[in-house]
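The values are calculated or read from the model by the stated rules, or taken from the named source; none is laboratory data. Worth saying up front: this structure is predicted, and the values here are computed from it rather than measured. Cβ placement follows ideal geometry from the backbone for every residue including glycine, while neighbour counts extend to all protein chains displayed. In case anyone asks, the SASA skips ligands and DNA or RNA and just uses the protein heavy atoms, side chains included. Shrake-Rupley method; radii C 1.70, N 1.55, O 1.52, S 1.80 Å.
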Amino acid sequence: MCANKDTTLEVFGKLGRETGVKEFNALMRLCVDKARKTPDDQVILRQIYKAYKVLEIMKEQGFPVKEVTYGPLLVYLLALSESDRKDEVLLLLKSIDITNVSSVNHISNIFRTLGRYMLESTAKTFLQALKVHGVETEKISNYIYNYAISMPNLVVGDIVLNINNMHTELEVVH
């Protein structure tokens with residue numbers, strides 16, 4: 001149901017309620033809870049995709065999407081990353097507005113995931129968004145570090161070079 005915006009909104013309409021953040025968050029929780037309760041990878045992926053679609057619908061409808069909504073998806077982002085599910089990781093990353101994630105640990109984990117898959121352009125986009133949003137330089141520097149140390153098969157010299165290059169390119173003090 002979540003995969004189709006019109007169907008989702010129609011169901012909420014039949015309930016005789018105005019569709020709001022509370023309803024979308026409840027629908028998101030249902031998708032994530034169902035994914036948590038099953039060992040079946042295909043069911044998990046379907047539920048994650050549905051949760052992603054709920055986020056997209058919320059954004060289209062102009063509802064605020066905050067960390068309360070992202071929390072369960074960030075847990076799945078890490079699990080997918082550890083399971084080498086790059087396509088699903090990319091799908092979830094598309095739905096995240098990094099400026100709405102307030103937990104330093106969550107953001108650090110996102111950058112570790114980006115590094116693991118060497119998603120430099122996404123990392124730079126997220127870092128720039130955080131910089132524009134007014135995040136402290138020290139935190140941005142730590143996120144760059146989290147990204148660089150998570151890149152596979154790099155020697156120390158290459159890690160340092162990547163860290164220095166990103167700091168220079170983003171005009172961030174070490």
Worksheet item: Is it the case that L130 is open to solvent by 80 Å² or more (accessible area, probe 1.4 Å), among the aliphatic types (A, V, I, L, M) and outside any loop (DSSP other than H, G, I, E, B)?
Response: no
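Restricting the search to segment 133-160, which residues are open to solvent by 80 Å² or more (accessible area, probe 1.4 Å) and either without any contact (Cβ under 8 Å) to a residue 12 or more places away in the chain or under 17 Å from V89 (Cα atoms) (or both)?
Result: E136, E138, N153, V155, V156.
So is C31 surrounded by 17 or more Cβ atoms within 10 Å (Cβ to Cβ) and at pLDDT below 65 or not?
no
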Worksheet item: Looking at segment 65-121, what helices (runs of 4 or more DSSP H) fall wholly within it and have at least 2 residues that are surrounded by fewer than 21 Cβ atoms within 10 Å (Cβ to Cβ) and at pLDDT below 75?
Response: 67-82
Worksheet entry | Among (1) farther than 15 Å from G115 by Cβ; (2) assigned to a helix (DSSP H, G or I), the one test that I140 misses | (1)
